[in-house]
Structure formats: C-alpha cells, structure tokens
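Heads up: the structure comes next, in structure tokens.
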Amino acid sequence: TACWLCCSSHIAQLVDEVTASSRHYVDRLFDPDPQKVLQGVIDMKNAVIGNNKQKANLIVLGAVPRLLYLLQQDTSSTELKTECAVVLGSLAMGTENNVKSLLDCHIIPALLQGLLSPDLKFIEACLRCLRTVFTSPVTPVELLYTDATVIPHLMSLLSRSRYTQEYICQVFSHCCKTPDHQTILFNHGAVQNIAHLLTSASYKVQMQALKCFSVLAYENPQVSMTLVNVLVDGELLPQVFVKMMQRDKPIEMQLTAAKCLTYICRAGAIRTDDNCIVLKTLPCLVRMCSKERLLEERVEGAETLAYLIEPDVELQRIASITDHLIGMLADYFKYPSSVSAITDIKRLDYDLKHAHELRQAAFKLYASLGANDEDIRKKIIETENMMDRIVNGLSESSIKVRLAAVRCLHSLSRSVQQLRTSFQDHTVWKPLMKVLQNAPDEILVVASSTLCNLLLEFSPSKEKKKKKKPILESGAIELLCSLTQSENPALRVNGIWALMNMAFQAEQKIKTDILRGLSTEQLFRLLSDSDVNVLMKTLGLLRNLLSTRPHIDQIMSTHGKQIMQAVTLILEGEHNIEVKEQTLCILANIADGTTAKELIMTNDDILQKIKYYMGHSNVKLQLAAMFCISNLIWNEEEGSQDRQDKLREMGIVDILHKLSQSTDPNLCEKAKTALQQYLA
C-alpha cells in the first residue's frame, strides 16, 4: 500500500507540474498589459505545435473562452486577433475531443464574425481555423448554413487571395452533403465563382476547386447540365477535366477529375458513349486499380469505376477487357503484396488496418461488371478462389464488406449457368442465411434478392431437390415468412418472391411447410397488399402451390374456401390486367384438380366471372378464362358430362363458337379444341 501511495503521489506531482506550466500560459492571457497578452498568445502558439498533451491541458484550463473573447474584442489589435485565430486553429488540429470543446464554446459564429474584418491576414487565419474545424468528423456541417448571409459572403472572399480560395473551396467541398446544400451553393453562384480556379497557379487551389465540382455534380442533374456548358479560358469544362486526367498529372488530380466526369455522366449530362467517358475517364479509373497505386487510390478508383459502369452494359464490357481488370482486382484480396517492398512502416500499418476497404471496393466493382453480361460473370467466377472469397466476405466483421460481398453474389446469381455450376459446388447459401439473421434493411434487401435467385429451380430433377433440402433445413422458410411481414415493401416482395421460387415444382411437404409458416391470415393480408409487386408475387406463390393434381386437391381441401374468396375479391377489384390474368391462371390450376374442380362448379359467382372474362376485350384475359373452361370440360375425367351440360346452359358453348372465329390464332385454336370436347 505504501508503495502504491508513493507512486500515486509521484503521478499527482507530475500532473501538478504539467498543469502548472500550462496554467502559466493561460494566466498570461489575463495580463492587463496588451503587449504581454500578445507575447503570451505567441508563446502559447509555439508550445502547442505538435503537442497534443499540451493542447488538452490548455483546453481543460479554460484557454478557449479567453482566446475567443480576445478574438472578438474591438479593443484587441489585429495582430492579437490573428494570433488567437492561429492558436485556436492549432488546438483544432488535435483530437476530436479538442474540436468538441471548441464547438461547445461557439467557435464557429466567432470565426464567421471575424470574416467581416477588413484585414486579409486575420481573414485567412479565421478561414484556416474554420477549415480545420469543419473538416473534423464531429462538426455538424449544418452550422455553415444556419446564417443565410454566410455563403454569399464566402463567395465574395474567393477573390481575395490564393489562401481564401483554397480554404473556402475546402470548406464547401466538405460541407456539401445533401441535395439542399448543393442547391444553396449552386444558387449563390458556386459554379461561376469556382470554375476559373481550375486554372489557378496554385495546385492546392486547383485541387480544392476540383473537389468542389465533384460534390456539386454528384447525383445532381441541374448542376451537371450547367457544368457541361461552362467555359474556362475558352475551353469547355469537360475538356478541362479531360486534361487533368493526363498521365503526367498528379494521381490525386487525375482521380478527382475522373470522379467529376463520372458524376456528370451518371447525372445524365454526358452520354455514356461520349469519347471523354469511353476513351478517357474509364481507362483513367482502370489505371487507378493497378498494383502500383496506393491503397486509398485503388479503393477510390474501383468504387468510382463501379459507379460509372453500373447502369451501362456497354461500359461494363469495355471495362472488363481493359488492362486485364478482372484479374487485377484479384490482387485486392492479397494485400499488402510483399512486406519487403514496403519500406515505410507507417504505410504498412495503415494498409493492414485498411485492407478491408480494398476487398469492399473489389466486390463492388465485380458486382457492377457482372450486372448484365453472362460472359463477364463467367470470367469473374473463374477468377482464382472467387467463390471462396465471396463466402469469406459474407462473414467479415465489417458491415460494408458484407454488404459489398452480398451485392457481388447477387450480381453473379443472376446467371442461370452459374447457378447450376459454381453456386452448386460452393455452399454459398449457408453464410448467406447467416447474413440474413438480424441484418440492417440495406443488407436484407440484397441478400433476400440473392436468396430468391438461389432458390430458382431450373429442372425438377431429384438432384436439384437434394440441393434445396439444406437450404430448407437452415430455417429459410421461417426467415422468408418473417420478411413478408416487414414494413419495407422491397423486403415483403423478396420474401414472397423467394417463397414463390421455393414452391416451384416442389414436393408436397415443402408446400405444406410454406403454407403453415406463412399462415392463411398472412397469405390473405398479402393478397390485399397496397404494393402491386407484392400482390403479383403472392399470386405467383399461390399458382406454384396449386400445381400437380394431388397437391391442388390437398391444398383446396384445407384452404379452398378462403382461396376462392380471395380469387373473387381480386377479380372484382380495381386491378391491372397482369393481376387479373394471374388470378385466372390460379383458377385454371384449381379447375385441373380432381376434387378441387367442384369448388368452381358449385360457385355460380365464379362461373359468371369466367364467362365475363371470356368475352373481355383483352386477349390475355380471354385466354386465361379459356384455360379454366378447358380444364372443367375435359372429357376423360369423371363428371365431365354434368359439367359440360351446366356450362352449356350458361351460354359458354355460344361464346366458344364466337371465339373460334377470332382473329387471334391462339384464341381461335383454344376455342376449337374446347368445342371438340363437346363433340367427342
């Protein structure tokens, strides 16, 4: 105990000494002699440079309110105010906690007030400090927009010096986070005020201006349409960006210029087949993915390229054959390549900590590359260990990597060929099911879409049924049934869609499990869902459940009454042609049952509806109604004579005669076939 007491008193003594030296700095700020105060601030400035401990001490001891007071005092000399702004900027360079302390003391309004001074050196010091505070992740960017006079005033300061240009552009590019922010900056003339800075003699100014344009154009058609017509020194802005992508320019400049053109293109202001995209932007971004580039450049290059080519199959094809890109991305998983090549230990440490960002970027780009083209998907899947990498990605700790891996898997799962081969050899569904357990909606939507694809049956072979089994045993039905109850319509659609795929040509037990898991109440809730996609997929599920005779009869014997009610409601409701057609197809399936037929034959209301749709103006609906009739009157089946007689009394035969004269060959043929049943 004695030893511990001795030790703790020693620590206390040290803390006292440190605090005493720091307190000395703070005490000098209260000296009545202004000259001594100025010297005190200058000494403080020299003491805090690069010393985070000292910065924290001074903040704890209350230096910030005093510095802000001196900064705002009319009696303070401009030199003192400027030095105060410099010290505050230095304190802000420390930890995030330092910035929080500065924000709590209302540093931003004080600095913005300082910008009204006539003195340029003071303005620059305030802007430098503002830049440091605003670029910290803990600062709410909204603070730039609370006072409506701030943005126009900053625009007017852009012409004062290269420093005002650099800092203001940096603040803008950092604080432009939403469409509203873009609109405010755009309406205050950001494009016109910043465009000429792209030709500045200062590289830093050029870069900050370029970054401004990338955030202004992102997903913003209004800004992008304006940008393509802006002239800078007699040259159109896109051409200025193209020059900035030349190989002799710094990498950061090439990459940011490529981002600008990517965003303008995605916003619809430049065509995807324009030379500046196909021959300049795309190759520049592919270059950024090479092994020679730094980790952050490879990440940004791949993510930007993924965004550029995402909606356009032609760009996907071009990218896939540029510089062996697909193979190049495989290196993203083996990083860092050789420790010996990395002499800088700090760099190695950074890269190891951020290697997951490379994997995320590679998955994103693979997902975009494989979005549409079957051959590209095949190439991606044949890349070394690709499926293993995706499986590993699905269980990584980083949620961003998991989401990107799911996106990649989803993109590749659109391929029928791959579903039959590569996906069968790898148990991708196991980790996928794990991802689906209590994941955020963003992941759930993509993962459940992927599951829909994995559950597709292309042939009802025994082999396939064996493959389906493990998915079922992993609790897929419960999980999908729970998705159908989600607030999010996209998840409801995917849940029901996957169940629909699962029920396709499935054995009786699976169908019973689906009906049990879903519950009749939920099934009918889905049949009255406000989202037409949910309704269509639910009808598709019903249609798949009601296929093959024994299944039809079995399901209709237990759920027949409710199903007939639902069918009636839909046929009477205000629904589109596709919904009505799908509903009539369900009736046709019921009419194909052995005992299930009677549920239609004893329901005059339904029979009248079928008759009505036989005479409808839409051929699709006429054909679907005709299927119902054909299945009801088919000769070889028990009771066909009674059914034929009842339908003849209803006037069905007359309609068949009329339809056998139809100009639609399909309809005409079906009507003639049905009439033959009467003649046989």
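The values are calculated or read from the model by the stated rules, or taken from the named source; none is laboratory data. Quick caveat, the model's predicted, so the values are computed rather than measured. Because the Cβ atoms are built from the backbone with ideal geometry, glycine has one as well, and the counts that use them run over all protein chains shown. Just so you know, the surface numbers come from the protein's heavy atoms only, side chains and all, with ligands and any DNA or RNA stripped out. Shrake-Rupley method; radii C 1.70, N 1.55, O 1.52, S 1.80 Å.
For the reader, a short list of remarks on this structure follows.
- The set of residues in region 142-167 being under 11 Å from Asn193 (Cα atoms) and of a type in the set (A, V, I, L, M, F, W, C) consists of Leu154, Met155, Leu157, Leu158.
- Some residue of region 610-632 being over 26 Å from Thr663 (Cα atoms) and among the small types (Gly, Ala, Ser): no
- Of all the criteria given as (1) part of a loop (DSSP other than H, G, I, E, B); (2) of a type outside the set (Asp, Glu); (3) under 28 Å from Ser662 (Cα atoms); (4) in contact (Cβ under 8 Å) with a residue 12 or more places away in the chain, the one not satisfied by Cys585 is (1).
- Residue within region 239-251 that is of a type in the set (Lys, Arg), in a helix (DSSP H, G or I) and surrounded by fewer than 21 Cβ atoms within 10 Å (Cβ to Cβ) present: yes
- Helices (runs of 4 or more DSSP H) wholly inside region 471-572 that include at least 1 residues being crowded, with 18+ Cβ neighbours inside 10 Å and under 34 Å from the mean Cα position of the chain (by Cα): 476-483, 489-503, 508-518, 520-527, 532-545
- Some residue of region 67-75 being at pLDDT 90 or above and touching a Ser or Thr at 6+ places or on another chain (Cβ under 7 Å): yes
- Test result for Glu384, over 15 Å from Leu454 (Cβ atoms) and either open to solvent by less than 40 Å² (accessible area, probe 1.4 Å) or at pLDDT 90 or above (or both): no
- Residue satisfying condition, being within 23 Å of Asn488 (Cβ to Cβ) and out of contact with any strand residue (DSSP E or B) (no Cβ under 6 Å at 6 or more places or on another chain), within set Lys430, Lys400, Lys378: Lys400
- Single residue of Ser159, Ser101, Ser117, Ser173 found to be farther than 23 Å from Asn220 by Cβ, open to solvent by 10 Å² or more (accessible area, probe 1.4 Å), assigned to a helix (DSSP H, G or I) and hydroxyl-bearing (Ser, Thr, Tyr): Ser101
- Being more than 22 Å from Ala405 (Cβ to Cβ), touching a residue at least 40 places away in the same chain (Cβ under 8 Å) and assigned to a helix (DSSP H, G or I) is not true of Ile376.
- Screening region 126-152 for residues that are loosely packed, with under 15 Cβ neighbours inside 10 Å and without any contact (Cβ under 8 Å) to a residue 40 or more places away in the chain and picking the one that is nearest to Thr226 (Cα to Cα) gives Pro152.
- From Arg648, Arg643, residue being surrounded by 15 or more Cβ atoms within 10 Å (Cβ to Cβ) and in a helix (DSSP H, G or I): Arg643
- Test set (1) in contact (Cβ under 8 Å) with a residue 24 or more places away in the chain; (2) over 23 Å from Pro489 (Cα atoms); (3) within 22 Å of the chain's Cα centre (by Cα) - Val416 fails condition number: (3)
- Scanning region 277-299 for residues that are open to solvent by 10 Å² or more (accessible area, probe 1.4 Å) and part of a helix (DSSP H, G or I) gives Val278, Leu279, Lys280, Pro283, Arg287, Glu296, Glu297, Val299.
- Residue match in region 259-269 (condition: part of a loop (DSSP other than H, G, I, E, B) and surrounded by fewer than 17 Cβ atoms within 10 Å (Cβ to Cβ)): yes
- Residues satisfying the stated conditions in region 285-310, i.e. under 17 Å from Lys259 (Cβ atoms) and not hydrophobic (A, V, I, L, M, F, W, C): Arg287, Arg293, Glu296, Glu297, Arg298, Glu300, Gly301, Glu303, Thr304, Tyr307, Glu310
- Condition broken by Ile390, with the remaining ones in (1) at pLDDT below 90; (2) within 25 Å of the chain's Cα centre (by Cα) satisfied: (1)
- Counted residues, region 654-679 - those being outside any helix (DSSP H, G or I) and open to solvent by less than 100 Å² (accessible area, probe 1.4 Å): 3
- Hey, Ile59 in contact with a Leu (Cβ under 7 Å, 6 or more places away or on another chain), without any contact (Cβ under 8 Å) to a residue 40 or more places away in the chain, crowded, with 18+ Cβ neighbours inside 10 Å and in a helix (DSSP H, G or I) or not: no
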